[in-house]
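The following block contains the structure, expressed as structure tokens.
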Amino acid sequence: MGVGAMKLLSVPLTFLASILLARGLGPEGFGQYAFVIALITTLSIPLAPAMMQLTTRETAALHQSGQEDLIRALLRWANRHVLIGSVLAIMVVGSVAVWMADWRADDRWTMLLAGLTALPLLGFNAVRSGILAGLRRVVQGQFAELFVRPLTLLLVAASLLLAGALNPLTALLAFLAGVTLAFVVGSVLLRRTFAESEEVTLPDGPVKNRQWLRAWVPFTLLVMASTLNAQVGILLLGWMSTDEQVAAMQVAERGGMLVVLSLTVVNLVIGPHITRIHRSGDRARLQAISRHSARMALVVALPIALPLIFFGKSILNVIFGAEYAEIATWPLVILAISQLVNVVFGSVGRLLVMSGYEAHSLLGQLVALLVVVVCSFFLIPAYGATGASVAIGFGILIWNVVLSFKVYYVLGIRPGVV
């Protein structure tokens, strides 16, 4: 309920920021901004979402066994690898960006060069969220990302708009301001909850370091497949279509995020509990938490999805304007239906990952990603954002079907609401 309340605060802030940027930049400028944010999100996969899932799982297991010194070692290990990975990414991608940049406010390479500075902060924020979630401080772990970051983006973007200085590059700087302030707040919350001690020598420290490094690779591959499944539509549209179609896809994805919001909250909350229940061997309890959480998510998702499906054009016209209503209606309808199907299947990916079967989840993600990419190449040239939405919808369906069979096979439970 705490995370749900935090999400309820976050969603209006995120949507207000999206509406402000969409109207202030126009479809072309908003498309440029959305494309660069998608690139930064993709580059941050091993540093942020993968590291957060790894630290959540490992912290939950170590906390259950009372090994606080190893949790501190995990925190230092994760921070060190985030820093190394960020420096490497900035050096490689930044060199290409400097070579290709036209040094204009609407140039993608110039914007990407500025956006690369967010990579280490995104990684550090993810580590702090993961540690706090593993300690069952989920609300504190999500506060900086769900509240501080979107609020800062909204306030800075609004100030830029009022000053007449809003363009794709300054919008990206507003994004960076949100990431930076979230890092500061997240660091303070972690220090108050779980302060780092002085360096200690652990007999099994090197063994744990190797274990964490080996686990990081499949987590990275898993989250890469998952994130690309979500971002591949925007990335391929940016390559094969126009900035206006990228903007249409971004607006439609905001609607899809509303539908799947309840499942996102459920996944954040039940993750550490899945690890503990699976380790205890209580299959009946694992089945119960899977079934009840999926049903709760569906109850919340239905009244959000149905208006978007049947009255999507009118909603877009009122919120984003007539320009977006013309280009984003069908993508919105398709993604709303697809995400509703996603909610019906429940937390299939989370069940596998938090039980130590991330390799099985990775297989489903890779199959889905292949389906999305192949379908996109055929559909995007002719249908733009609508074609990309259909491709993503197929991918969501394939991913859930494959992972549902995997959950039944390795965990012995039936996921979903039925």
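The values are calculated or read from the model by the stated rules, or taken from the named source; none is laboratory data. Source: prediction; values computed, not measured. Don't worry about glycine lacking a Cβ; one is built from the backbone with ideal geometry, like all the others, and counts go over all protein chains shown. Keep in mind that these areas ignore ligands, DNA and RNA; they rest on the heavy atoms of the full protein, side chains included. Shrake-Rupley method; radii C 1.70, N 1.55, O 1.52, S 1.80 Å.
Can you tell which of N267, N229 is touching a residue at least 24 places away in the same chain (Cβ under 8 Å) and under 26 Å from W77 (Cα atoms)?
N267
Residue check: is L363 within 24 Å of L237 (Cβ to Cβ) and open to solvent by 10 Å² or more (accessible area, probe 1.4 Å)?
no
So, in segment 277-300, of the ones that are out of contact with any Leu (no Cβ under 9 Å at 6 or more places or on another chain) and basic (K, R), which residue ends up surrounded by the most Cβ atoms within 10 Å (Cβ to Cβ)?
By that ranking, first place goes to R291.
Just for segment 127-139: of the residues that are closer than 30 Å to L169 by Cα and open to solvent by less than 10 Å² (accessible area, probe 1.4 Å), which one is modelled with the highest pLDDT?
Among residues in segment 127-139 that are closer than 30 Å to L169 by Cα and open to solvent by less than 10 Å² (accessible area, probe 1.4 Å), the one modelled with the highest pLDDT is V127.
Mind listing just one residue for me: the one in segment 142-171 that is polar (S, T, N, Q) and either assigned to a helix (DSSP H, G or I) or over 15 Å from A22 (Cα atoms) (or both) and, of those, most open to solvent (accessible area, probe 1.4 Å)?
Filtering first and then ranking leaves S159.
Conditions tested, residue by residue: (1) open to solvent by 30 Å² or more (accessible area, probe 1.4 Å); (2) within 22 Å of H273 (Cβ to Cβ); (3) at pLDDT 90 or above; (4) not in a helix (DSSP H, G or I).
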site	(1), (2), (3), (4)
V343	no, yes, yes, no
G349	no, yes, no, no
V372	no, no, yes, no
V402	yes, no, yes, no
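Hey, another quick one. Of the residues that make up segment 214-222, is at least one open to solvent by less than 10 Å² (accessible area, probe 1.4 Å) and of a type in the set (G, A, S)?
no
Could you say whether any residue in segment 305-327 is under 30 Å from L411 (Cβ atoms) and either open to solvent by 10 Å² or more (accessible area, probe 1.4 Å) or out of contact with any strand residue (DSSP E or B) (no Cβ under 7 Å at 6 or more places or on another chain) (or both)?
yes
Within the set of pairs 6+ apart or on separate chains, which have a first residue in segment 120-142 that is free of Cβ contacts under 8 Å to residues at least 60 places away in the same chain, a second that is assigned to a helix (DSSP H, G or I) and open to solvent by 20 Å² or more (accessible area, probe 1.4 Å), and C-beta atoms under 6 Å apart?
Cβ pairs passing all conditions: R137/T193; Q140/L189.
Taking L181 as the residue in question, decide whether it is within 25 Å of L75 (Cβ to Cβ), modelled with pLDDT under 90 and not β-branched (V, I, T).
Taking the combined requirement at face value, the residue does not satisfy it.
S197 is checked against (1) more than 24 Å from R108 (Cβ to Cβ); (2) in a helix (DSSP H, G or I); (3) modelled with pLDDT under 85 and fails just one. What number does that condition carry?
(2)
Next question. What number of residues in segment 100-126 are at pLDDT 90 or above, open to solvent by 30 Å² or more (accessible area, probe 1.4 Å) and over 21 Å from F30 (Cβ atoms)?
Matching residues across segment 100-126 total 3.
Anything in segment 383-400 that is surrounded by fewer than 23 Cβ atoms within 10 Å (Cβ to Cβ) and in contact (Cβ under 8 Å) with a residue 60 or more places away in the chain? List them, or say none.
Of everything in segment 383-400, just one residue is surrounded by fewer than 23 Cβ atoms within 10 Å (Cβ to Cβ) and in contact (Cβ under 8 Å) with a residue 60 or more places away in the chain, namely G384.
Same structure, new question: Hey, among A252, A247, which residue is more than 23 Å from L397 (Cβ to Cβ), modelled with pLDDT of 90 or more and open to solvent by less than 20 Å² (accessible area, probe 1.4 Å)?
A247
Now a separate question. Being under 20 Å from M6 (Cα atoms) and out of contact with any Phe, Trp or Tyr (no Cβ under 7 Å at 6 or more places or on another chain) is the requirement here; does M257 meet it?
yes
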